[in-house]
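Report on the structure given below.
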Amino acid sequence: MGVLGNLFERKNCDICGKQTNIFGGTKLENGRLCKDCANKLSPYLSGVKHLTVDDIRDHLAYREENAEKVKAFDVSYAIGGKNAKLYIDMEKQQLIVSSSGNWRNTNPDILNFDQIVNCDLDIKENRTEIKKKDEEGKEVSYDPKRYEYSYNFYVYITVNASFFNSLSMKINSSSVDGYDNDEYEECYLVSQEICEILDLIRNKETDLIDEAVEYYTNRLNAPKRAYNKNTYYSDTRKYSRTYDYYLERDPRKNHYKF
Ligand SMILES: [Zn+2]
């Protein structure tokens with residue numbers, strides 16, 4: 001066998017023994033993984049190439065236990081937007097975050113209520129300049145410059161878990177154009193609902209979750225409110241966080257004059 005023969009010699013997975021692909025599968029600190037075994041890892045597990053075969057064995061045992069918990073998971077509440085949702089099992093005091101409509105088949109990592117450390121709302125604003133054509137047909141700026149805005153809504157969750165410490169939820173699917181519309185308001189309220197409910201969970205005020213879900217369901221079904229900085233945040237904020245917290249994180253505050 002020449003050099004090429006050695007290069008493409010198939011190696012075996014150190015977990016299940018099956019042959020890896022021609023590139024040798026996923027490398028570990030002291031071995032390798034086939035594709036099937038790699039697919040069983042949690043998406044939150046990072047730095048796989050620095051883990052040992054024993055680390056991966058432990059992790060896969062955890063993943064098998066997790067799959068059993070997923071089967072037993074009962075959804076008391078599903079909260080979220082068009083993309084990621086927070087699923088809560090009140091009886092077992094567990095939660096799942098998933099963007100998959102088919103989440104039961106993806107073995108999402110289950111978190112116990114007491115693993116939730118914190119959460120934070122982040123609304124990312126993107127702006128694109130709108131230009132006009134001058135007499136020569138050349139694109140030029142307006143004076144003052146004009147922009148189009150679009151938004152993405154995220155909730156970042158800090159957790160106390162054995163192999164990851166944070167996860168993020170993207171609330172909207174495609175980005176939201178503009179801030180003065182129902183879609184923005186809906187994404188904003190859903191993001192806020194998730195933060196408030198996660199706060200109830202980490203503050204061990206879970207008896208208020210039912211009321212909070214009802215409150216936000218009504219809010220989301222009510223006609224859109226006029227955005228007025230002076231009343232909007234005190235009106236919306238119901239449970240844990242301050243007026244200033246939500247005002248600070250809402251890009252709308254920069255676009256309206258009061
Ligand atoms: Zn394998």
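Around the amide H of Ser166, modelled in the peptide plane, lie the amide H atoms of Val159, all under 5 Å away and 5 or more residues distant in sequence or on another chain.
Here the Karplus curve 6.51 cos²θ - 1.76 cosθ + 1.60, taken at θ = phi - 60°, turns the phi angles of segment 217-232 into couplings of 4, 5, 4, 5, 8, 6, x, 4, 7, 5, 7, 9, 3, 6, 10, 4 Hz, with x standing for Gly and Pro. Residues whose amide H lies under 5 Å from that of Thr20, counting only those 5 or more places away or on a different chain, are Lys11, Asn12, Cys13; hydrogens are built 1.01 Å from N in the peptide plane. Taking a point 7 Å from the Cα of Asp120 along the Cα-to-Cβ direction, none of the residues of segment 72-87 has its backbone N closer than 13 Å to it.
Among His255, His50, His59, sorting on how many other beta-carbon atoms sit within 10 Å of each Cβ, with the fewest leading, yields His50, His255, His59. What the phi angles of segment 33-48 give under the Karplus curve with 6.51, -1.76 and 1.60, with θ = phi - 60°, is a coupling list of 10, 7, 5, 4, 5, 4, 5, 7, 5, 5, x, 8, 6, 10, x, 4 Hz, glycine and proline written as x.
A Gaussian network model of the chain, with springs between Cα atoms under 10 Å, assigns the largest mean-square fluctuation among Ile15, Ile171, Ile209 to Ile15. Put a dot 7 Å past the Cα of Glu136, heading toward its Cβ, do the same for Phe164, and the two dots end up 5.4 nm apart.
Given an 8 Å cut-off on Cα distances and at least 6 residues of separation, report the relative contact order of segment 46-110 as a percent. Dividing the mean separation by the residue count of segment 46-110 yields 26 percent.
Remark: Ile201, Ile79 ranked as Ile79, Ile201, counting other beta-carbon atoms within 10 Å and listing the fewest first. Taking each residue as 0.36 nm, the span from Lys224 to Cys16 lengthens on full extension beyond its C-alpha to C-alpha distance by 69.3 nm.
Note on the chain: helix-only mean residue ellipticity at 222 nm, from DSSP H runs of 4+ residues weighted -39500 (n - 2.57) and normalised by residue number, equals -9500 deg cm²/dmol. Structural descriptor for the chain: relative contact order 12 percent, calculated from alpha carbon pairs under 8 angstrom and at least 6 residues apart. Extension gain for Asn112 to Ser174 (0.36 nm times residue separation, less C-alpha to C-alpha distance): 19.3 nm.
Per-residue Cβ neighbour counts within 10 Å put Leu33, Leu111 in the sequence Leu111, Leu33, beginning with the fewest. In the chain, the ratio of gyration radius to Kirkwood radius, Rg to Rh, stands at 1.10 when only Cα atoms are counted.
Mind giving me the FRET efficiency for Tyr62 and Met90? R0 is 25 Å, r the Cβ-Cβ distance, nearest 0.05 is fine. Efficiency, rounded to the nearest 0.05: 0.60.
Values quoted throughout were computed directly from the atomic coordinates according to the rules given, and no laboratory measurement underlies them. What you are looking at is a predicted structure, and each value in this text was computed from that prediction instead of being measured. In this analysis, Cβ positions are derived from the backbone assuming ideal geometry, glycine residues included, and neighbour counts consider all displayed protein chains.
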